Every structure is written in C-alpha cells, then in structure tokens.
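The values are calculated or read from the model by the stated rules, or taken from the named source; none is laboratory data. This is a predicted model, so every value here is computed, not measured. Virtual Cβ from ideal backbone geometry, glycine too; neighbours counted across all protein chains shown.
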Amino acid sequence: MSNKIGVYFDAANIGGGLDVEALAAGVKSKWDSLVAVVRVFPVLAENAATISKDIEENGLDGVLICGPSPRQDTDLYRFPVLTERVNLREQCVLSYEDPSGNPPVEGAPAPALLTEIATDYVNMGVVKLQKGNLPDSAALEKGVHRILVVGGGFTGLTAALEAAESGYEVVLVEKSDRLGGAVNNIPTGSPLHAPWDAKESTGLPEKIAAVEKNDLITVYLSSTVAKLAGQPGEYTLTLSTPKGEKSIEVGSAVVAAGWTPLAPKYLESMGYGSTPMVMHAAEFGKAFLAGQITARRIAFVLDTTIAEEAAKAAAEEEAKAKAAAEAEAPAAPAAEGEEEAAFVKADLESIEHLRYSNAVNSVGMLRLAQSVCEKTNDETQCYVLYKDMVVPGILERFYRTMQDRLGLMMTKADVTSISQKADHMVVSCENTLLGIDFDLDCDLVVLPTGLVPVSAKEAIMQFEYRQGPDFPDLELFDGYLDSNYICFPYETRRTGVYAAGCVRQPMTLDGCLLDARGAVLKAIQAIECAEHGVAVHPRSGDGTYPVFNFVRCTQCKRCTEECPFGALDDDEKGTPKPNPARCRRCGTCFGACPERVISFANYNIDQVGSMIREVTVPKDFKTAGPRILILACENDAYPALDMAALQGYRWSPYVRIIPVRCLGSVNAIWVSDAMSKGFDGVMLLGCKYGDDYQCHFVKGSELCSRRMTNIAETLNRLGVEPERVEQFELAIDEADHVTEMIDGFVKRIEQMGPNPFKAM
C-alpha cells in the first residue's frame, strides 16, 4: 500500500476555470497524513525531474498525476514507485455541461458542480494509490532464447532466417520430407520489390540454402509437434520425429503451417474431376513447372458463383436430412457422471475458403497467365474471367501492367456454366464488360484454388493447456489463426504463440514476407517480456499478475474455465495453478471468483470498492440530481470517452467514471458497493461482442453480459430495481454515440427516481 503520496497538478492541461490551487489545498487538507507532497505546475511535462527528486528526497511510494487523460504522455511519467493518473481534462472539464445542458462560461469561475466532479476524481485517485501496491517480480531468471517455427514453407523459412539474424536459435519443424512447402510448385512469385509491376523469382532455393547452412537453425523434417507445455520464456516442446520423440526448451513460437487445397467436392459443380481439361490454379502451377501444359486457349475463371450456390444447396439438403434423422431418433441424454469426451479436432473446411482466397487467386492467375504468355511469346491466348478482381495494395501496378499484355484478355463476367464439348471446354459468360454474352471455347479451364489453413483441419501445436490442445475460437474464424484481435496482428489465444502467412489469412508472397518478420518480432518480444516479468499485450509492460488466497479457494474452477487465454492450469483437486507469463492481465479471473480470493497488486476488489465510496453522493435526489457510476473498459470505451470529449461532445455531470481493465473483471460486489453508497445507477461500458467481437480480451464483454443475471439477483435481494444496472457496447470509433448513450441512461434513472438506499 502507498503510505506516502505525492500529488501533482498539470494546470495548463486542465483548464475549464477550475481553481487548481484550491483543489490542491483540498487534497492536503483531506489526506494530510497520507499525502506528503502537493504541487501545482503550469506545465507538468517540463517538471518531471522535480517529481523524481521528490520521490528520492521525501521517500514517496506513490505518485498521482492530475491532468489530461492517462492515454497521453504515457512514457513521460514512468517512476520507480506506484503511479496513477487522474483525468481532469477529457472526462471532467471538456465533457462538462450543467444539468440544463450548458457548458462552462469561458473566463468565468468553474461551476460548483464541476469543482465537485474534479474533487471526486482526485480523491478517487488518492485512494486508488492507497489501496495499491507495486507487484512482486514475476521475471524469469533466464528465458530460453530459442524460437519454434512450425512450417518449412516460404513463410516459415523467412521467419527462421529473421529470428536467426536477430541472434535467436531456431527450431524449424516441417511435417513433410522437404522444405519449401507449396512454393515448390509455384513457377514465379508475385512482385516482391519496387516497381511492383512484374512477377519475380520466389527466391525459394536461396532461402532453403541459407536456412540449411545457418548454425543457429536446426531443421526437423518429417516431424510434428507432439506437445507444447509451459509458458512464454520457458516452454517445453516435445517433437515427434522419425527417430522418436525429442524434448527441446523454447521461449516462444511462430506458426507458419501454411495451407492445403480446398477439397475437390467443392469444385465439382464447375467441372472439376470430370475431365483433365479442368484443374485448379495450384495444380496448373505444378503442371506448368513440369512442362505439361500444351493448351493454346486457357480460361482462368475467378467467378466462383456456381460453386458457392451448389455448396449452399448441398448444405441445405444436409441440414434437412439431419433434422429428419434427429426427429426419428432423438439423441439420448448423457449419463450422470459420464466422463468428458476426448478431444476431437473439428474439420472447419468449407466453401468460404474459396471466397477468402479471391485476392490470392486474382494475383496468382495473372502471374500464371503472364508465365504462359512469356513462354509461348503470346501465342497462347489466356482469358481471365472475373466477377471481382481483388488485387491488394501496391500490386495494383502489376494488374495494370497485365492489362497491356498482348496474349491476355481480361473481362468482368458472370460465369453461368462450364461444360465439355467434344475435345474442348465451353465457358458460358453473361454480363461482361464487352456488353455481350458469349460462349468461350478453350482447351483448358483453370479454377481458383481455395486456400484452407492447416489449422482448420489439424491441431498443430498440441498444447498441454487447461482449454485443450488446439487454438480456441477457430470455428468462429473458419479455422484461421488470426483471431481478429483489435490492433494486434499475429496474435492467437495462446500467449507467446504467433501466426504468420496463409495459416493466418490467405496472402500473396509479399504479404508472407512481412507477416514472417512481424510474427518473429512478436515472438522475440514475448521472450523479452517474460524475462522482465511484464505483459506483452494488450497491457504492454504491466508487471502485475493474479495472486491467489488459496486458503479461501473452494476449487470451483470458474477462474480456470473463464480465463480467455488458458493462463491458469489446475491440479487434480481443481486448485488453480497460475502461469504469469501466459497471463494478459485482464482480470477476468477475479471477476469470475465468487469468493474474491484473486487480486492484482494494483487492481483489486477493495481498491475499486474504495474508489466508489470516495464519490460524494448527495441525499437530495430532486435538487442535486442522481449519481451514476460508469465502469468503462480501458481498451475501447475509455478511449471513446476521451475522443468524444476532445471532439466537443459533452454529457451529464451526474456520472463518475472508473476505468476497468475489462468488463470481464467486473465483480458483482462493486455494483453492491455502488448501491450501498447511494448511487442511483451503474453503466457497464465495454467492447462489442458476438460474431464481430472487438474485445481485446476476447470474451470479457460477453462474460459480463452473462453475469448480469447474477447482478440482477443481487439487486433484487437488496430491494433495488435491476434496471438500475445496464451494460452498453461502445466501440473505440463511436465517440459520436457517447452523449446519447450516457444522457439517455441518466434520463431513465431520473424517471425511476432515487436509489432506495438513499433513504437509509
């Protein structure tokens, strides 16, 4: 706990007519025994050295910065003691309007209500420091500076070389008996360098040679991951090799397992499998390399509507058949005490992978067509028929170059049928750019290749984790390892394990290059952070981690089951076993704990409860108005509030905002504390969830929503209407919704009247 605090006001960054000197005097008066230093600076950023001097000379163990949002100048105020920020600018002055909707008068003294809001926030900041501690170090004595790379294709080879160049050892695991992967069958690559207007050599032989001669890289062919246990910085990897199992220590991992072609059944409606004159792009590339392509008229078909409609019809028929079967023979209920079923990897391959691969196929077919034209001096006529030509980024230059290719014709077209007629194929096209419908006679039809990530069909890593051997949420993302983390490419639900290349999303070779480099940087960061005992993401640099009071633990397993990242294992009795380097510091575990036995050094149940109790809540509802507590997610909702204020939006002066790490960390006791204090309502303001979730901690908002039932029960027991507590979704870019959301809730509370506890 902080017992000697310094409070510093940044006058220039507060404004609003607030009497900062009076605020400072109030702090000294109320917290005299706790606050040793109170200073007001015109510009605090110019006086950071003074704070460091005060810490040394006065023995301060806590520092409170009162000024702009804690999202500003985050690197400026880093001190060796517990440091907190009070947002007096965005969420006090800039957002203030009086109960009639009027902002402060410029140049006039601050309204009494604005001063009250500022005082509340400062007092909340002081008590937050008082109830917080610096965490004990969770730093590893020495992390393992060795990176596992799974997959020896183009992306995996690049990742291995990048890691080795950074001085890290690499274990490169490839399940086949040769390196190179799918790129072994690609004649040429998409543009990789300026001016980005021509195909290039893949450079694969050179990459393989560089890997094989690099002393820092150990290659295991015909091998797979049998098990990965532990945490970032000190994983234990078990490999299945031709010579048996092998155990290796690694610090982090990059998954570059690549892709496999979409199953033939999905292309049968387009003539695939019925004649050798129809093949998909990956097969064409392999055949072209082998010198097996002799066709003189080739149709490259990018429009896959036929296949998509056929797959939809098949799925509908399958669903009907399944429903009929279940109606005839309903499934028997599980027997009581029946053991949990063993893990079975779900096959997530679907027609969707064909759509997702459109950009890769658009560039790939142009590249293949160019190779054919060059080899035959444009004597072979290539036709590219597309519904959507999707060329990513700067590769637009390549597309424009191909438009001028003599042997290539491109047209937008709805392909309605592909059929064989005697010794040739006929592709029927409608709605073309030429303004006419036509039947194209050709010798060969090349269909798109659906890139199915290996992760959609295999459990690649075999994690020895509480949540099972695979990556969670793969079904939501059709098997891709990119789990849609906001602002965090390469991330997976397994801390320290990063995805790169086509296992993350379909991409061209230039994208794979960048992906490999980015994933390796994250893998290095994970090891370095584990050695320092701090979080990697999204709370980068956070040295806290959950601490358990095992004496009161009831082994209910809620914390282990609800942790989004599998950071907590458990023993045979159900007692949680923390892994600090896996933890992302979201606090979901202590939000889940019914016994409140989990805490963080500077984020705990008592701390937030004490902040709630520091707010001034008037007894007279009619004249002084209600008081509303907002618990705001620090990742989306809190920044949205900041940006709303900076953009000129204002809201009711009756709200008080406390940032929380995630709505998943909200414990029902905080709602009880608020109601007992006399707050008239509580807003839970967090990220969006569902199919298009935006939660940095994956399911925090969703878990909070589920817990609303428990909160409602608690309120009913207290004799308080459950409608006084409501959860809202607010994305980081929805600043324009803030005023309506807050003021709308305040209005509903005003209509309901005061919290019954006000009369007690």
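Worth a mention:
Yes/no matrix, rows are residues, columns are (1) without any contact (Cβ under 8 Å) to a residue 60 or more places away in the chain; (2) surrounded by fewer than 23 Cβ atoms within 10 Å (Cβ to Cβ); (3) touching a helix residue (DSSP H, G or I) at 6+ places or on another chain (Cβ under 9 Å); (4) under 30 Å from VAL746 (Cβ atoms):
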position: VAL81; (1), (2), (3), (4): no, yes, yes, no
position: PRO103; (1), (2), (3), (4): no, yes, no, yes
position: ALA108; (1), (2), (3), (4): no, yes, no, yes
position: VAL144; (1), (2), (3), (4): no, no, yes, no
position: LEU148; (1), (2), (3), (4): no, no, yes, no
position: GLY152; (1), (2), (3), (4): no, no, yes, no
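- Some residue of segment 641-651 being out of contact with any Leu (no Cβ under 6 Å at 6 or more places or on another chain), hydroxyl-bearing (Ser, Thr, Tyr) and part of a loop (DSSP other than H, G, I, E, B): yes
- Pairs linking a residue in segment 228-256 that is aromatic (Phe, Trp, Tyr) to a residue that is assigned to a loop (DSSP other than H, G, I, E, B), with Cβ atoms under 9 Å and 6 or more positions apart or on different chains, are TYR235/VAL144; TYR235/GLY251; TYR235/GLY496.
- Restricted to segment 83-92, and to residues there that are under 12 Å from ASP10 (Cβ atoms) and in contact (Cβ under 8 Å) with a residue 40 or more places away in the chain, the residue that is surrounded by the fewest Cβ atoms within 10 Å (Cβ to Cβ) is ARG85.
- Among the residues of segment 13-39, just one is farther than 15 Å from MET124 by Cα and among the basic types (Lys, Arg), namely ARG39.
- Positions within segment 125-166 being in contact with a strand residue (DSSP E or B) (Cβ under 7 Å, 6 or more places away or on another chain), outside any loop (DSSP other than H, G, I, E, B) and under 30 Å from LYS28 (Cβ atoms), in sequence order: GLY125, VAL126, LYS128, LEU129
- Taking the criterion of being within 17 Å of GLY753 (Cα to Cα), in contact with a helix residue (DSSP H, G or I) (Cβ under 7 Å, 6 or more places away or on another chain) and part of a loop (DSSP other than H, G, I, E, B), the residues of segment 677-707 that qualify are GLY678, ASP680.
- Residue among ALA315, ALA290, ALA253 that alone is over 21 Å from SER357 (Cβ atoms) and modelled with pLDDT under 95: ALA290
- Hey, ILE418 buried (at least 17 other Cβ atoms within 10 Å of the Cβ), in contact with a helix residue (DSSP H, G or I) (Cβ under 7 Å, 6 or more places away or on another chain) and under 30 Å from LYS227 (Cβ atoms) or not: no
- All positions within segment 627-637 that are closer than 20 Å to LEU114 by Cα and in a loop (DSSP other than H, G, I, E, B): ARG627
- Checking CYS559 against (1) in the same structural domain as SER665 (by TED's automatic domain parsing); (2) hydrophobic (A, V, I, L, M, F, W, C); (3) free of Cβ contacts under 8 Å to residues at least 40 places away in the same chain, the condition it does not meet: (1)
- Failed criterion for GLY181 (all others in (1) at positive phi; (2) crowded, with 21+ Cβ neighbours inside 10 Å; (3) at pLDDT below 90 hold): (3)
- Top-ranked residue of segment 700-733 - restricted to ones that are buried (at least 18 other Cβ atoms within 10 Å of the Cβ) and acidic (Asp, Glu), ranked as farthest from ASN635 (Cα to Cα): GLU702
- For first residues located in segment 525-551 and in contact (Cβ under 8 Å) with a residue 24 or more places away in the chain and among the aliphatic types (A, V, I, L, M), partners that are part of a helix (DSSP H, G or I) and buried (at least 20 other Cβ atoms within 10 Å of the Cβ) and lie 6+ apart or on another chain with Cβ distances below 6 Å form the pairs VAL536/ALA526; VAL536/CYS529.
- Count - residues of segment 428-453 that are surrounded by fewer than 22 Cβ atoms within 10 Å (Cβ to Cβ) and more than 18 Å from ALA295 (Cβ to Cβ): 10
- Number of positions in segment 167-181 that are in a loop (DSSP other than H, G, I, E, B) and among the β-branched types (Val, Ile, Thr): 0
- Test: PHE471 is under 16 Å from the mean Cα position of the chain (by Cα), under 30 Å from PRO191 (Cα atoms), assigned to a loop (DSSP other than H, G, I, E, B) and not assigned by TED's automatic domain parsing to the domain that holds THR305: no
- Complete set of residues in segment 1-59 that are basic (Lys, Arg), part of a helix (DSSP H, G or I) and free of Cβ contacts under 8 Å to residues at least 40 places away in the same chain: LYS28, LYS53
- Taken as a whole, the condition of being closer than 26 Å to ARG661 by Cβ and out of contact with any Cys (no Cβ under 9 Å at 6 or more places or on another chain) applies to ASP61.
- Segment 59-103: number of residues that are among the basic types (Lys, Arg), in contact with a strand residue (DSSP E or B) (Cβ under 7 Å, 6 or more places away or on another chain) and within 22 Å of PRO538 (Cβ to Cβ): 1
- Residue list for segment 467-516, filter: touching a helix residue (DSSP H, G or I) at 6+ places or on another chain (Cβ under 7 Å), surrounded by fewer than 19 Cβ atoms within 10 Å (Cβ to Cβ) and on the phi < 0 side of the Ramachandran plot: PRO489
- Check on CYS556, in contact with a Gly (Cβ under 9 Å, 6 or more places away or on another chain), surrounded by 22 or more Cβ atoms within 10 Å (Cβ to Cβ) and among the hydrophobic types (A, V, I, L, M, F, W, C): no
- Any hit, segment 708-720, residues being touching a Pro at 6+ places or on another chain (Cβ under 8 Å) and either among the hydroxyl-bearing types (Ser, Thr, Tyr) or outside any helix (DSSP H, G or I) (or both): yes
- Annotation note: of GLY107, GLY101, the sole residue that is in a loop (DSSP other than H, G, I, E, B) and at pLDDT 90 or above is GLY101.
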